[in-house]
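The values are calculated or read from the model by the stated rules, or taken from the named source; none is laboratory data. Small disclaimer: the values here were computed from a predicted structure and weren't measured. Here the Cβ positions follow ideal geometry from the backbone for every residue, glycine too, while neighbour counts run over all protein chains shown. To get the accessible areas, we keep the full protein, side chains included, count just its heavy atoms, and leave off ligands, DNA and RNA. Shrake-Rupley method; radii C 1.70, N 1.55, O 1.52, S 1.80 Å.
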Amino acid sequence: PDALNIEGAIWMTRGDYAAAQPLFERTLELARSSSTRAKALQNLGGIAGEERRFEDAERLFTESRHEYAAAHDARGEAVSLLNLGRLQAERGDLSGARETLEQAVTGARSTGDLEMHAAALLNLGIVLGDLDLMADAEERITTAYGQFTIADIPVQRVRCLMQLARLAVQRHEPGAARICLTHARDVAVGAQLPREIRLIVEQLDTLDKKS
């Protein structure tokens with residue numbers, strides 16, 4: 001079953017969900033360990049989310065979390081919570097997403113995984129911003145930015161800065177937004193992130209038009 005899981009993951013990273021899904025489903029049929037089942041359920045949830053089958057994705061991520069818990073895998077459980085929270089946010093269930101992501105933050109912190117803890121904080125911050133809880137959102141995202149800086153993950157640093165710029169716009173502080181975006185552009189240029197550079201330039205242009 002582990003080999004099937006790995007093969008399915010390869011197809012999944014290539015975006016070929018039609019090839020990946022039956023491999024994960026076969027893994028579930030054969031798997032005896034909670035850990036293997038959890039990984040397959042997690043991957044199936046990811047496919048369902050990409051295909052916008054949100055109810056299936058939510059069920060699969062929830063089942064994955066329970067299997068990770070049965071395997072005493074705190075990191076896996078936190079990953080399932082993070083994926084579930086992202087999904088709830090995408091569906092517009094902000095209160096549910098907040099609760100789930102707060103659990104993901106707590107779970108990730110307990111594992112000592114700096115990158116995952118930062119990812120959970122960033123996603124929680126985004127949701128808090130959507131709930132107009134600006135100070136709480138800024139605190140979480142700023143903390144995430146610091147952790148991504150320590151872990152040296154430029155693309156996530158850029159994401160944090162873009163979200164801080166978004167909060168500044170919501171607070172009607174275009175100057176602060178421009179500072180965040182300019183710094184984000186510098187990080188993106190240094191790390192050679194063309195997609196992020198394009199998005200940042202578009203946002204700076206939008207700010208210039210409004211000013």
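Key figures
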item: Sum of side-chain charges, GLY175 neighbourhood, beta-carbon under 14 Å (Lys, Arg +1; Asp, Glu -1); result: +1
item: Neighbour net charge for GLN42 - beta-carbon separation under 10 angstrom, K R +1, D E -1; result: +1
item: For the chain: accessible area per residue (Å², 1.4 Å); result: 51
item: Dipole magnitude (debye, nearest 20) for the chain, charges at Cβ of Lys, Arg, Asp, Glu; result: 360
item: Three principal axis lengths of the stretch 52-108 [C-alpha, angstrom, descending]; result: 31, 22, 11
item: The stretch 152-211, dipole about Cα centre (Lys/Arg Cβ +1, Asp/Glu Cβ -1), debye to the nearest 20; result: 160
item: Volume per residue of the C-alpha convex hull in the stretch 155-211, rounded to whole Å³; result: 57
item: Cα centroid separation, the stretch 157-186 to the stretch 38-63 (Å); result: 32
item: Carbon/sulfur fraction of accessible area - the chain, other protein chains in place, 1.4 Å, %; result: 51
item: The chain: angle of helix 154-170 to the longest principal axis, Cα-based, in degrees nearest 10; result: 60
item: Stokes-Einstein D for the stretch 1-74, Kirkwood Rh over Cα pairs, 25 °C, 0.890 mPa s (µm²/s); result: 207
item: Residue-wise HN-Hα coupling along the stretch 15-30, computed from phi with Karplus coefficients 6.51, -1.76, 1.60 (Hz; x: Gly, Pro); result: x, 9, 6, 5, 7, 6, 4, x, 5, 5, 5, 5, 4, 4, 5, 8
item: Residue-level accessible surface for ASP73, protein heavy atoms, 1.4 Å, Å²; result: 50
item: Tensor-based shape of the stretch 120-206 (alpha-carbon gyration tensor, a/c under 1.5 rounded, otherwise prolate or oblate); result: oblate
item: Pairwise centroid distance, computed over Cα atoms, of the stretch 8-22 with the stretch 191-211, Å; result: 33
item: Exposure of GLU51 as accessible area (Å², to 10), given a probe of 1.4 Å and all protein chains; result: 80
item: Accessible-area ranking of CYS180, CYS160, largest first, probe 1.4 Å; result: CYS180, CYS160
